[in-house]
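Worksheet: the structure to be examined is printed underneath.
The values are calculated or read from the model by the stated rules, or taken from the named source; none is laboratory data. Treat the numbers as computed from the prediction; the structure is a model and nothing was measured. Backbone-built Cβ (ideal geometry, glycine too); neighbour counts: all protein chains shown. Just the protein is used for accessible areas: all its heavy atoms, side chains included, with ligands, DNA and RNA removed. Shrake-Rupley method; radii C 1.70, N 1.55, O 1.52, S 1.80 Å.
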Amino acid sequence: MSHSVQKVQPFEHPGEGRKRAKATPKGRQIDPQAAEDIEILLGDRPRRRDLLIEYLHLIQDRYNQISAAHLAALADSMRLAFSEVFETATFYAHFDVVKEGQPNLPPLTIRVCDSLTCSMLGAETLLNELQNSAGPGVRVVRAPCVGRCDTAPAVEVGHNFIDHASTASVWAAASNGDTHAHLPQYIDYESYVAGGGYALLGKLRSGAMSKEDLLNALDGASLRGLGGAGFPTGRKWRAVLGEPGPRLMAINGDEGEPGTFKDRYYLETDPHRFIEGMLIGAYVVEASDVYIYLRDEYPASREILAREIQKLPPGGPVLHLRRGAGAYICGEESALLESIEGKRGLPRHKPPYPFQVGLFGLPTLINNIETLWWVRDIIEKGADWWKSQGRNERQGLRSYSVSGRVKNPGMKLAPAGVTVRELIDEFCGGMAEGHTFHAYLPGGASGGILPASMDNIPLDFGTLEKYGCFIGSAAVVILSDKDQVKDAALNLMRFFEDESCGQCTPCRVGTQKAAILMEQRVWNRDLLNELSQAMRDASICGLGQAASNPLTSVIKYFPEEFAPKEAAE
């Protein structure tokens, strides 16, 4: 039998045999000038992912904005996907990302704080006046709390803060080119050592004092975390030490809670007392590196730390000073770790907890600046000294950030457990002229609002929770009869809406819907209560869980804010 054989033709790709189009590079092209700019800015700095936010600051500081071309060049230089760099840059409020095709931003940005205390003292009017009188080359924008509530209203001209700002004082600074941070007088390294500073650290490192003795002293004083959570300090240090090494330490200096400015006060007056406490903590837990994360709104504090750290003698852990970029959520400890790693500040799910799996996946000790500031005094003066300082059956000292309608606002060092009435009368010189005490926030924006009639509650951990409030970072804002508590609660909710990281729906959508409902003349209190409960139960972190505290406080404690007609409706 014969078979016919069919010749098999070679496979041809579609279009083969036709003239090929000229090949073009795929993906985003790097602008040669932008690439050169980035190489000059970065120099011989290492191209590590955890330094991404630091390098974004270099671009922002140099060009007053971050262009798409510079973002692409930075991504290329760091061998990162453009999307990774873009999503990080656009997450943080202080990075002004200019997309392709958009005009360049004016060279000078003026930020007007519109958080609660500044709002009470005329920020809205000031913002309108500045925007209406701004000339070419100037951009005037709103800003959340900048940590200067005691000198409200506060305005930032470049990186220079104007206290008790007016339109005239702001334009005077702008016209004079006064756009850099001013450093206050503070105790420098030489003065601190002359006063006995670092002797305690020396005793610890030399073996004259054991780690166990130091931890026992902290336990005996019952020192707790003063950033807001109040976790026992000695217990936290022991937990980290109990994890297998290597270990790291991170400092939470992202003091973004509206009404709070105590950490800034300590850094700008006696920074080495904090640094010594930090080095003691690092020694106890055997941390090889310490990352100091400081909010971007504290340029003077950052400059002071950068100068003074250079004066430290060699030895001890490697210190890394990291700069926040305008994200309140990074005050949450796990979001802070994400930001230090060069990412968006999205809170992590727990467990595992940071003391187990923290920075770069290693066990990490996280402490607040004020907590570490007190370590030296407690060890040198003794636990009994610390415990004897309290009032109303409480123990220790608290740094109350007091702002609002008082004669003398500021950081008030007072006995833990002082009442708000005692705080106003004994430490603040009474109410401001022409104002009658009406209400107060005992613990910053998320700590709730209480009426003046409840002025005898000791302000400390564990005393306010049964009233739906908490002390947090001890930021006390005083409202008078000239303030509407409903308006204050709405201001706070708008803050949380702006600062929500957006990761979870209960917080992202809940704060937005709550603000819309609170803008209505007549509040739907049943719906607001239901929404508040959902936010508390289902939000990933403390922002969403506590954002509704001011709202529920108004409903519970201020029935007079609702007119009879509203109540009937």
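In summary, M535 fulfils each of the numbered conditions (1) of a type in the set (A, V, I, L, M, F, W, C); (2) assigned to a helix (DSSP H, G or I); (3) more than 23 Å from the chain's Cα centre (by Cα); (4) crowded, with 17+ Cβ neighbours inside 10 Å with the single exception of condition (3).
For segment 325-354, filtering for residues that are more than 12 Å from the chain's Cα centre (by Cα), open to solvent by 40 Å² or more (accessible area, probe 1.4 Å) and not aromatic (F, W, Y) leaves 7. Summed over segment 380-410, the residues that are among the hydrophobic types (A, V, I, L, M, F, W, C) and surrounded by fewer than 22 Cβ atoms within 10 Å (Cβ to Cβ) give a count of 3. Cβ-Cβ distances below 6 Å connect the following pairs, each with a first residue in segment 525-549 that is free of Cβ contacts under 8 Å to residues at least 60 places away in the same chain and under 17 Å from L346 (Cβ atoms), a second residue that is open to solvent by less than 50 Å² (accessible area, probe 1.4 Å) and in a helix (DSSP H, G or I), and a separation of six or more residues or different chains: A538/P506; S539/P506; S539/C507; G544/P506; G544/C507; G544/M535.
Residue by residue, here is whether (1) without any contact (Cβ under 8 Å) to a residue 60 or more places away in the chain; (2) in a strand (DSSP E or B) holds:
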position: S119; (1), (2): no, no
position: L126; (1), (2): yes, no
position: L130; (1), (2): yes, no
position: P136; (1), (2): yes, no
position: V141; (1), (2): yes, yes
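Checking E333, E286, E297 one by one, the residue that is under 26 Å from G202 (Cα atoms), touching a residue at least 12 places away in the same chain (Cβ under 8 Å) and not polar (S, T, N, Q) is E286 and no other. Of the residues that make up segment 287-301, is at least one over 16 Å from L321 (Cβ atoms) and assigned to a loop (DSSP other than H, G, I, E, B)? Among the residues of segment 287-301, not one is over 16 Å from L321 (Cβ atoms) and assigned to a loop (DSSP other than H, G, I, E, B), which makes the answer no. Scanning segment 387-408 for residues that are farther than 20 Å from G443 by Cβ and touching a Ser or Thr at 6+ places or on another chain (Cβ under 8 Å) turns up just one, K387. Scanning segment 226-235 for residues that are in contact with a strand residue (DSSP E or B) (Cβ under 8 Å, 6 or more places away or on another chain) and surrounded by fewer than 22 Cβ atoms within 10 Å (Cβ to Cβ) yields a count of 3. Consider segment 144-164 and keep the residues that are among the small types (G, A, S) and without any contact (Cβ under 8 Å) to a residue 60 or more places away in the chain. The one that is surrounded by the fewest Cβ atoms within 10 Å (Cβ to Cβ) is G158.
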